[in-house]
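Below: one structure, written as structure tokens.
The values are calculated or read from the model by the stated rules, or taken from the named source; none is laboratory data. Since we're looking at a predicted model, the values are computed, not measured. Here Cβ is always computed from backbone atoms with ideal geometry, including for glycine, and neighbour counts include all displayed protein chains.
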Amino acid sequence: MLGENPLKPQEQKGVTMTSNEDKKIKRQAQKKMYDEAHIRKTIRFTKDEYAQIESQLAQHNLTFVEFAKAAILKKKIKTKLNNQLLYEVNHIGNNLNQIAKKANQGDRKNLLIQLIEIEKYIKELTKQCM
């Protein structure tokens with residue numbers, strides 16, 4: 001085939017592939033849009049201050065950004081639920097209902113056994129929360 005250029009299109013003189021350049025330009029444009037929509041601030045803490053913050057983060061199970069925004073904007077800080085803890089508290093509630101039922105039926109022996117079980121659960125949960 002006469003007249004055809006045997007070089008691949010990206011190897012032809014004057015033709016350059018810009019896929020990497022296009023990706024870079026696209027990333028820069030996205031970053032610029034993000035930076036224009038958001039304001040970044042830097043803050044410094046002493047070690048003691050940050051230890052207090054970390055304690056609050058762990059207590060409320062929040063990320064630093066979630067915690068900082070809520071505190072700075074004076075929003076009520078909502079604690080994320082620990083599903084395992086919620087399950088255990090629900091289990092204790094069920095036991096209490098069974099105890100109330102047995103107490104009303106006059107079954108004192110089973111009542112004491114269930115109270116001991118609940119006490120064990122509460123001790124385990126207290127250990128997990130600390």
Whichever residue in segment 22-68 is at pLDDT 85 or above and of a type in the set (Asp, Glu) and, among such residues, is surrounded by the fewest Cβ atoms within 10 Å (Cβ to Cβ)
Asp48
Any idea which residue in segment 94-130 is nearest to Leu57 (Cα to Cα), counting only those that are over 31 Å from the mean Cα position of the chain (by Cα) and of a type in the set (D, E, K, R)?
Glu117
